[in-house]
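Some notes on the structure that comes next.
The values are calculated or read from the model by the stated rules, or taken from the named source; none is laboratory data. Here the structure is a predicted model, which means the values were calculated and not measured. Glycine gets a Cβ as well: all are built from the backbone with ideal geometry, and neighbour counts include every protein chain shown.
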Amino acid sequence: MSLEKLTIKAEKNNPGDFNDKIEVLFNPSEISITIPGGRMGKSGLVATEDYATLSLNLFFDTTLNQYPPENVQNYTRKIVSLTQPRIGKDKKRLPRCQLVWGTISGKDSVLLADCFLEAVTKKLTHFLEDGTPVRATLDCTFNEWKDPEKQKKIENPIDDPVRIVKTGETLSSIATEEFGNPALWRIIAEENRLINPRKLPPGTVLTIPPLKIPNITKRG
């Protein structure tokens, strides 16, 4: 079995394409993932709004590959470039990334599903006589990324009850995004009095009702 390399999948040109695949030269010896938990608020224990972070140190050494060894920055620059805006028309838009290493039940093992490279420290540690760097380390910190529109709906689900159907969307997919459960599509269908829920033309304006939470303290 060949050695599985940690791979960074990054957006190449457009949002969500993730077509730029960068394999590390040597796998890291350890990975640190900080997952936010909760905090004490005025109303008691609440979930924090912080994002997960992943830190790792990558080692690069071209003296082990060929002779004469090539400039190690041919490898490090691929990762360092993830700190530079390049996606779409937004000049400040960094590429989002996915960190994958190994498999779980035959599928890619995703360390961080949607993130961006917040910071990287590059150290050149060994040089040839002519000054060519051939050994380096990268200390990388990746921050989790979350769609701000989805976060807004999570924090205030009835802030904008109107939704315009996009191409390819179904009531089930909309119910998944709005309520987190595709089986709740009937709530949307009934609210909008849809005659045929299977036919949902793009451009249809839907009203998304707030979920009614039953009063569990009420006794019959």
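Among the residues of the range 80-118, just one is of a type in the set (Lys, Arg), under 20 Å from Ile33 (Cβ atoms) and crowded, with 16+ Cβ neighbours inside 10 Å, namely Arg96.
For the range 135-144, check the following and say yes or no: at least one residue is modelled with pLDDT under 95 and surrounded by 11 or more Cβ atoms within 10 Å (Cβ to Cβ). Yes, some residue in the range 135-144 is modelled with pLDDT under 95 and surrounded by 11 or more Cβ atoms within 10 Å (Cβ to Cβ).
Which is β-branched (Val, Ile, Thr) and within 16 Å of Asp114 (Cα to Cα), of Thr76, Thr53, Thr62?
Thr53
Let's see how each residue does on (1) touching a Phe, Trp or Tyr at 6+ places or on another chain (Cβ under 6 Å); (2) not hydrophobic (A, V, I, L, M, F, W, C):
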site	(1), (2)
Phe18	no, no
Ser29	no, yes
Asn57	no, yes
Thr103	no, yes
Phe116	yes, no
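In this structure, Thr121 qualifies as exposed (fewer than 13 other Cβ atoms within 10 Å of the Cβ) and either of a type in the set (A, V, I, L, M) or at pLDDT 90 or above (or both).
Taken together, Lys12, Lys78, Lys89 contain a single residue that is over 13 Å from Phe142 (Cα atoms) and free of Cβ contacts under 8 Å to residues at least 40 places away in the same chain, which is Lys89. Taking the numbered list (1) assigned to a loop (DSSP other than H, G, I, E, B); (2) of a type in the set (Ser, Thr, Tyr); (3) without any contact (Cβ under 8 Å) to a residue 12 or more places away in the chain in turn, Ser29 passes all entries but (3).
Could you tell me which of the residues Lys123, Lys92 is more than 20 Å from Glu23 (Cβ to Cβ) and not in a loop (DSSP other than H, G, I, E, B)?
Lys123
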